[in-house]
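These notes are about the structure you will find just below.
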Amino acid sequence: METTNGLNRTSATKSVPRCAAFFAVACAAAAFLSGCGAPGEPTPPAPVIPSTVTDLSAHQSGDGVLLTFTLPRKSTTGDRLTDTPAIEVLRGTAKEDGAPEMKSLRVVATIPGELVVKDLKEERVEVTDPISPEDIKAHPGMRVAYEVRTRVSKKRASASSSVIVLRLYRVAERITTLQARVTETSIELSWAAPAKTSGGEPLPGPISYRVYRGEIEPASAEATAKDPAQAQWRAKPTLLGPADNTSYRDSGFEFGKTYVYLVRSAVPAADEAIESSDSTPAVVTPLDTFPPAAPTGVVAAALPGANPGSAQVDLSWSINSETDLAGYRVYRSEQEGSRGALLAPELLPTPAVRDNSVQPGHRYWYTVTAVDRAGNESAPSQQVAVEIAQPSS
C-alpha cells in the first residue's frame with residue numbers, strides 16, 4: 001500500500017505542473033486569437049512601388065542619348081502616388097545581333113523626384129545621358145542598351161522598363177558663334193560652320209542645320225545666355241525649320257517676347273541625319289523701334305464753314321499698310337517748314353480729318369505722321385498749304 005500510495009503520490013505530484021503548463025499555453029493562444037493581453041510586434045507597411053514604365057524611347061542627341069517616357073503616377077496596387085518618383089537610368093552593352101547584354105546594365109544616373117518635377121512636360125520626362133566623344137570615336141556605330149526604373153521608397157524600385165538598344169555615331173562639334181540681328185520683319189541668325197566632329201575627326205559627309213526656338217521669362221535672359229540650364233521656360237525649344245547654309249530668317253516672332261535660339265548641325269549616318277549638341281544660345285528680346293512709313297498723298301481743300309463768313313479745311317491721305325498701325329497725327333502751322341501744333345490730342349484712326357478752327361485771311365501748312373502700337377512715329381509727310389480767303393463783302 002505504501003508503495004502503491006507512494007507511486008500514486010508521485011504521479012499526482014508530477015501531474016500538477018503539466019496541467020499548469022497546458023493551461024498557460026491555452027491562455028496565451030486564446031489571448032493571441034482574441035486580441036487580449038500584451039500586443040505583438042507591429043507589422044511594417046509594405047513599400048510603395050510605382051508602376052512600370054511602358055513607353056521608353058531613345059535616340060542619339062549630340063554626344064549623348066535622349067531618353068523619353070511617361071512618368072508613372074500610380075503604384076502597382078493602382079493607388080495614386082503622393083510623391084513624384086525618382087528616376088534611375090541603367091546603361092549597358094549589346095551584342096552584335098542587337099540583343100542586350102542584360103548583366104551589363106548598371107545605374108548611370110539617378111534623378112531625385114524634386115528635380116524631375118521641374119523638367120516635366122505634360123507628364124513626359126526627357127533625360128539625356130552624356131556619352132564621351134572619345135568612346136564614339138573609338139567605336140563608331142557602337143551599340144548601347146538602356147532601361148529605366150522609378151522609386152518612391154529606398155526599399156523597393158519599380159520593375160525595369162523594356163530595354164532599348166541603339167547605335168551611336170560621330171556628330172559634328174557644337175556651334176559656338178551663333179549671332180542674332182533684329183530687323184523690322186525678321187530675326188536674322190548666322191553662325192560659323194563646324195570644321196570637324198566632336199571627337200576631332202574630319203566631318204563624314206555633307207552637313208545641314210536645324211534651327212530651334214524657345215521662349216523664356218525675361219528675368220532669366222542673362223543667366224540663360226551663360227547657361228541654358230538656368231532658363232525659366234515659357235515654351236521649350238521646338239524646331240523652326242532646316243537650313244542648308246549658315247543663316248536663317250525667323251519672320252514669325254513677336255516684339256517684346258524673349259526668345260532663345262539654338263542651332264544643331266546634322267551629318268548623315270546609316271539611314272538618318274544625326275544632330276550635334278546644341279549651339280551656344282542666342283537670347284533675343286526684339287523691341288519694336290521701327291517707325292511706320294511717312295503718309296503719302298496728302299491733299300487739303302478749303303470749304304465754306306457752317307456759319308456765314310466761316311471756313312473749314314478737309315484733309316485726307318493714303319492709308320498706311322503697316323499691320324501694327326495705331327493711327328495718325330496731323331500738325332498745323334502758319335509758318336512754312338515748321339511742323340506746328342497738333343490739330344487733335346488723340347490719334348486719328350482714319351486717314352481723314354476736318355479742321356473747323358481756321359480763320360479767314362490766314363494761310364496754313366499741314367503735315368501728317370503715322371504712329372504704330374509701340375508708339376513709334378513716322379517721318380512727316382510733305383507739307384500742304386491752304387489759303388483761307390477773306391469772305392466776300
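Using a 1.4 angstrom probe, figure out how much accessible area the chain has per residue, in square angstrom, rounded to the nearest whole.
Accessible surface, normalised per residue, equals 58 Å².
Report the Rg/Rh value for the chain, based on alpha-carbon coordinates and the Kirkwood definition of Rh.
On the Cα set of the chain, Rg over Rh gives 1.41.
Which value, in Å² rounded to 10, gives the accessible area of Lys236 with a 1.4 Å probe and all protein chains present?
About 70 Å², ignoring ligands and nucleic acids.
Going by a ≥ b ≥ c, the root eigenvalues of the Cα gyration tensor, does region 152-209 fall in the rounded group (a/c under 1.5), the prolate group (a/b larger than b/c) or the oblate group?
Oblate shape, in that a/c is at least 1.5 and b/c is the bigger or equal ratio.
Quote the accessible area belonging to Met142 in square angstrom, nearest 10, computed with a 1.4 Å probe and with ligands, DNA and RNA left uncounted.
The accessible area of Met142 comes to roughly 50 Å².
Given a Förster radius of 35 Å and the C-beta distance between Phe253 and Leu166 as r, what FRET efficiency does 1/(1 + (r/R0)^6) yield to the nearest 0.05?
Efficiency, from the Cβ-Cβ distance: 0.50.
State the answer as a single residue: which of Thr183, Ile216, Pro202 lies farthest towards the positive end of the charge dipole of region 162-275, with beta carbon charges of +1 for Lys and Arg and -1 for Asp and Glu, about the Cα centre.
Farthest towards the positive pole: Pro202.
For region 336-386, would you read off the P(r) tail past 16 Å as a percentage of all alpha carbon pairs?
That fraction is 46 percent.
Before anything else, pin down the relative contact order of the chain: Cα pairs under 8 Å, at least 6 apart, normalised by residue count, whole percent.
About 11 percent, as a whole number.
Where does the chain land at 222 nm, in deg cm²/dmol rounded to the nearest 500, when only DSSP H runs of n ≥ 4 count, each adding -39500 (n - 2.57), divided by all residues?
Roughly -4000 deg cm²/dmol at 222 nm, from the helical runs in the chain.
Going through the cross-link list Lys103/Lys154; Lys196/Lys236; Lys196/Lys257; Lys155/Lys236, which pairs have a Cα-Cα distance over 26 Å in this structure?
Beyond 26 Å between Cα atoms: Lys196/Lys236; Lys196/Lys257; Lys155/Lys236.
Find the all-direction average of the projected area of the Cα convex hull for region 244-357, expressing the result in square nanometres with one decimal place.
The orientation-averaged projected area of the Cα hull of region 244-357 comes to 12.5 nm².
In terms of solvent-accessible area of protein heavy atoms at a 1.4 angstrom probe, what is the ranking of Asp372, Asp271, highest value first?
Largest accessible area first, the list is Asp271, Asp372.
Per the Kirkwood definition applied to all pairs of different Cα atoms, how many angstroms is the hydrodynamic radius of region 279-339?
Its Kirkwood hydrodynamic radius stands at 15.9 Å.
Just the number: Rg to Rh for region 156-304, Cα atoms, Kirkwood Rh, two decimals.
1.20
Leaving out ligands, DNA and RNA, and with a 1.4 Å probe, what % of the accessible surface on the chain is carbon or sulfur?
The computed percentage sits at 53.
When N counts the residues of region 67-173, how does its alpha-carbon radius of gyration compare numerically with 2.2 N^0.38 Å, as a ratio?
Cα-based Rg divided by the globular estimate yields 1.19.
The values are calculated or read from the model by the stated rules, or taken from the named source; none is laboratory data. What you are looking at is a predicted structure, and each value in this text was computed from that prediction instead of being measured. With ideal geometry, Cβ positions are generated from the backbone for all residues, glycine too; neighbour counts draw on all protein chains shown. For the accessible areas, the whole protein counts, side chains as well, though only heavy atoms, and no ligand, DNA or RNA atoms are used. Shrake-Rupley method; radii C 1.70, N 1.55, O 1.52, S 1.80 Å.
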